[in-house]
Structure formats: C-alpha cells, structure tokens
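Single-structure report; data block below.
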Amino acid sequence: MTRMESFNAAPPALDKSQISGAPKQWDRSGLPAWAYTSDEQLELERDLLFRRHWQLAGHVSNAPDPGNYFCFDVAGERAIIVRGKDNQIRAFHNVCRHRGSRVVVNETGTCGSAMVCPFHGWSFNLDGTLRTVAQPKSVPALDPVEHGLVPVEFEIWHGFVFVRFQPGPQLAVKDIMARHEAEIALYRSSEAEPTSNTFWSQQIGSNWKCVRDVDNEGYHVPMAHPGLQDLYGNNYFDEHWSDGTTRSFAPIGDGHKRLWSVRAYCNILPDIGYLPESHRRAWLYIGMFPNTVLYFYPEGLGFYQEFPLATDRTMLRGCAYGLPLSETADAGFNRRIQAARYLSARIDNDTAAEDIQLTVWSNEAAHSSGFQGFILSDLEYGVKQYHDQLRNVIPALNQAKAPDRHSPDSSFKSG
C-alpha cells in the first residue's frame, strides 16, 4: 500500500469516540496558585522539564548549507546547531572551551569553515574540534577533540531538530511521537523550508504554565477566538493526552465566513494533492510534553513553544515552514499557496494576541487572594492531564500550599 492508502485505512480522523469525555469524578481544581508564583518551583521546572526533556530547536532547513548555523537558548543553556562540511547536522553547547563565551553570537548565520569565539579568537571546526588558539605558546598543548566544543544530545525527526541538554526520563523523539508517525509523514515536513524570516520570538508577562493551560483546551475557542470559530465552526476537538503527546484536529467548517481573512483563506486555499481528502481542508496540532506544539496546515507547517524567563515572564518562540513552491505547478497554484500562507498566518497572529491576553489574566489571578483554584469543565480534561504530568515530575505540586524551602524535608525535589 502507498503511504496515503495506509493512513486512510485507519479510523476516521473525526471518530469522537477517541475523546469520549472525562471520568465522572475527577479533581477539577487544577494546580495550586503558588505553582505559578514560586521562584523555587520555577527553578525545578527549568532543570527537570526544560533541561532534561527534549526541546525543539528548529529544522534542518534553518541551516541548509555547510557553515550555516542557528542557536537555541533555554533555561540557562545555549546550543549551536551547525551544518558541517560533510553536510551533516551537529549540535554543541555554545560555550567556548577557553573562558565560556558564546562561540557564535547571532541567532542564525554562516561561519564559513570555522566558528571563531569573539572574546579571544579561539576557533573551532564545524565538527566541533578545536582548530586554533590565539597565541598558542601561552597555553599548554590542547587536544582538538578533548578540548573541542561539548556535544549536545540531539535527534532529527521529520526534519525537526530536537535537543536535550541533560539526560532525562523521555524516550527517543521517534518513540514518543510514534503514534503520530503515519499522519505527520503525509505533510513531508523533512522537505520543508522556512517561509518567513527564520524564528520569531516574543516576551509576555505571564507564567509559562499559563500558556500551556490556555493551549491545552479548545473550550475557550467559541468565546475567545472569533477567527478560529469562524474557520472551524464546531468541528474542532482535542484528544486526551497519551504517553506525553496530544492531538487536536480541526476540519474547516462549511457555510458563510464572516471575517474577511477567514473567507479569503477558505476561498483561495488550493487542493493539496499529496494530502488525503480528510486533511486537505483541516488544521492539525500535535502537542509534546512539556512545551512544544507542532502544527500542520494544508499549505504549511511549523511549531511554537514557550520558555520561562521568570515566574511572570515568558518567551514565546516559533518558526513557519512550507514545501518549496512547485516548479511544475502553474503560477496560479503557487500564488494561491503563498496567499493561503499569508492568510493563515494572519488568523494565527490574531489568535495569538487573544491567547496572550488570556494568559496575562490567568497569571494575574494566581496573585489574587480571591483565587481559590480552577473549576475545570469536562472539555478541559486535557488541562488536568497536563497538570498530572507536571505532578509526576515534581510531586510538590500535589500540595495545596507551597513547601517550606527551609525545611530539611522540603518536598521541592524531583519525582
């Protein structure tokens, strides 16, 4: 069977028996307020979640040619992802072996045949080995491998580059994402390239978990996102979390579209022949614990994520990609693809602004004496499941009050 036939043999994407509601009795209160305001809690999260779990750094197309690189910073860690002379992608700590300076400074760029530290001029080959030392007689003999850049664990999955700074509990990315393999393969993401000016980022004034709380349920879409509601209607649904991933699927609804951007997108979106009928007019999201969402639209794909900067400050980051415009397609088809990418990005940007406001309000609530916990709907069971995953990593989150950090038996420790 072909890849498409194999996928179409699976149960229909809209089989809502897969998401047949939450249990009748479950804790609807969510995480305690202190979990969003505690500096000690945040430090545990930075270590146990952001350093020890896989983080999506970018895509192989962000470094398409030898010497190209992109950087990725999170939780005090700094990585360089660089393409070597042999055309292979590698990942290293962006830490010079001399004094710890950044070896490369810009978020993306080209370093020619070597990466040269801007502090004292020590240089490293694209395979990470030490190349030259400024005034070599002033230092002892150094081994090129032993004193080269320190490697970072990484994995490439469907073109996306994941890194992990310290050993952690997760399986390989390909194993974590195995249940989505056939569906993701349809989008040919390994062939994609950036469709905008590489990575985007934005700082917002909320705890990073507020972002996840908003993103882990679609219950708020009809009220908070007029653009998405106009696009999907009542077709959007979230599946439950399973083994560290979740899936949301949103077929484009029929009928008149009120918003011009949605109406124009629906009218101009061409028929994408390599996708099965069920996905040619639908938006797909795959979430991966703790903080990554991959999205797949008919005309393009990408990712977004968030990182904690402080208890009430978060960095949002992402990048958009698409298959290269077809050289065999007529000019009209390519123009429609480009227009669809512009319009879907416009809808996404409006949605992001709406979500940011919701996260800021949620963050404010955590500081309020009137906040007494959530009352989660059955349609927000994904929030509860996500919180359960956090509790499994950091058992202190099971406590209604913050642990006393000065206590010798403080539960501010990992699970």
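Using every pair of distinct Cα positions in the chain, the Kirkwood expression returns a hydrodynamic radius of 23.2 angstrom. Screening the chain for whole DSSP H helices with an alpha carbon extent of at least 30 angstrom along the helix axis and a mean Kyte-Doolittle hydropathy of at least -0.5 yields 331-366.
When cysteine pairs in the chain are screened for C-beta atoms closer than 4.7 angstrom, the residues that find no partner are 71, 111, 210, 266, 319. Normalised by the number of residues in region 142-261, the average gap of Cα pairs under 8 Å and 6 or more apart makes the relative contact order 16 percent.
Here the ratio of the Cα radius of gyration of region 249-382 to 2.2 N^0.38 Å is 1.29. Between residue 142 and residue 39, residue separation times 0.36 nm minus the direct Cα-Cα distance comes to 33.0 nm.
Over region 324-379, with a single point scatterer placed on each C-alpha, what log10 of the ratio I(q)/I(0) does the Debye formula yield at q = 0.12, 0.14, 0.23, 0.24 1/Å? Computed log10 I(q)/I(0) values: -0.55, -0.62, -0.93, -0.96. Take the Cβ-Cβ distance between residue 254 and residue 171 as r, set R0 to 45 Å, and report the resulting FRET efficiency rounded to the nearest 0.05. Efficiency, rounded to the nearest 0.05: 0.65.
List the aspartates and glutamates whose alpha-carbon lies under 15 Å from that of residue 85, not counting same-chain residues fewer than 8 positions away? Within the straight-line cut-off, residue 85 pairs with 65, 127. Over the residues of the chain, the helix contribution to mean residue ellipticity at 222 nm works out to -7000 deg cm²/dmol, using -39500 (n - 2.57) for each DSSP H run of at least 4. Grab the beta carbon distance between residue 224 and residue 24, set R0 = 30 Å, and tell me the FRET efficiency rounded to 0.05. Here the calculated transfer efficiency is 0.65.
Dividing the Cα radius of gyration of region 228-301 by its Kirkwood radius returns 1.00 for Rg/Rh.
Full extension of the chain between residue 334 and residue 361 gives 5.6 nm of extra length, using 0.36 nm per residue less the Cα-Cα distance.
Nearest 20 debye, what's the magnitude of the dipole of region 66-148 about its Cα centre given +1 on Lys and Arg Cβ and -1 on Asp and Glu Cβ?
Details: 9 positive and 7 negative charges, 42 e Å.
It works out to roughly 200 debye.
The H on the amide N of residue 237, modeled in the peptide plane, is under 5 Å from the matching H of 249, each at least 5 residues off or on a different chain. Each listed q (0.11, 0.17, 0.20 Å⁻¹) maps to a log10 I(q)/I(0) for region 72-174, found by the Debye formula over equal Cα scatterers with no solvent: -0.35, -0.79, -1.05.
The numbers here are math on the coordinates, done by the rules we state, and not lab data. Keep in mind that what you see is a predicted model, and the values were worked out from it rather than measured. Methodologically, a virtual Cβ is constructed for each residue, glycine included, from the backbone with ideal geometry; neighbour enumeration extends over all protein chains shown.
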